[in-house]
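Novice: Here it is, the structure, as structure tokens.
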Amino acid sequence: MRQALVLVDLQNDFMPGGALAVPEGDRVVPLANHLARTFDLVVATQDWHPADHGSFAAGHPGRQPGEVIDLHGLPQVLWPVHCVQDTPGADFHPDLDRSRITRIIHKGTDPQVDSYSGFYDNGHRHATGLGDFLKEKGVTGVFVLGLATDYCVKATAIDAVRLGYTTWLVEDACRGVGLHPGDIPAAIQDMIRAGVALTRSGQLMPPEIESLTPHPGPYGRTEGSVRPLQRQIPGRLLEESGPATLQTDREGDRKA
Ligand code: VGL
Ligand code: ZN
């Protein structure tokens, strides 16, 4: 099993002081850096909106951030203007170690539709290229972390399961927006229900790694290198080496 680390939206606008600040968003950056050194394949997504993106409340007179509208047929939470392409707010957190990032995936570039998932827009019509990239690299398992738990992390992790990847959420390396009380735990439950397994950053770093492999890095992750998860999903049968991938009851949902 080849595994990739997916860093979701570790951008200035989602950090404390940013336009769409996620509480404690900056706390996950050191964890991301540390974990990135233990994976040979690291991918980062960037929310990358045109200045007139349809998710911005500013473009809908009389509407406020947090309100939900219909945007070309899809429910859309309205947000403050954030992560506008090529602005400092869209840039990665300055402490994020970019040297480990093999590929950057931009999402949310179409002004007509938002893209919470790193794989597809919210209408599941257009792919971002992340799925093709992981497939090309022979990846079968993904570890997801970043911002925000209740939006882009959730959508990315659930799409990963639907695409057939064995998917873990690095729970302590995520933070959520929490627009409404309970949103963040509900998002984690949604991910678990979809077949995402939970892990924590400490489980992925020495001394927790059982079989260190000389190639490609000191902690390069290959088949069997990750401990069977301590935290299992109630009611779900898991293989010893990790979570089962989702058996969708609606095959039409599958994109791969
Ligand atoms: C996100 C809201 C709007 C996210 C992006 O990264 O979770 N949330 N755009
Ligand atoms: Zn956005």
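Novice: Order 183-195, 36-48, 104-116 from most to least packed using the mean count of other Cβ atoms within 10 Å. Each step should come with its number before you reach the end.
Specialist: Numbers: 183-195: 18.2, 36-48: 22.4, 104-116: 20.8.
In decreasing order of mean packing, 183-195, 36-48, 104-116 become 36-48, 104-116, 183-195.
Novice: Quick one: work out Rg over Rh on the C-alpha atoms of segment 1-137, Rh as Kirkwood radius.
Specialist: Values: Rg = 15.4 Å, Rh = 15.6 Å.
Radius of gyration relative to Kirkwood radius: 0.99.
Novice: Sorted from largest down, what three extents in whole angstroms do the Cα atoms of segment 41-93 have along their principal axes?
Specialist: Principal-axis extents of the Cα atoms in segment 41-93, largest first: 41, 22, 16 Å.
Novice: Here is a follow-up. Work out Dmax and Rg for segment 109-174 from the C-alpha atoms and quote the Rg first, both in angstrom.
Specialist: 11.6, 33
Novice: Take the alpha carbon gyration tensor of segment 53-134, find the square roots of its eigenvalues, order them as a ≥ b ≥ c, and report rounded if a/c is under 1.5; if not, report prolate when a/b exceeds b/c, else oblate. Please report the intermediate quantities before stating the final value.
Specialist: Numbers: a/c = 3.02, a/b = 1.44, b/c = 2.10.
Note, shape of segment 53-134 comes out oblate.
Any read-out appearing in this document is the output of simple, stated calculations on the displayed coordinates, not a laboratory observation. Source: prediction; values computed, not measured. Cβ coordinates were reconstructed from backbone atoms using ideal geometry, including for glycine residues, and neighbour counts include every protein chain displayed.
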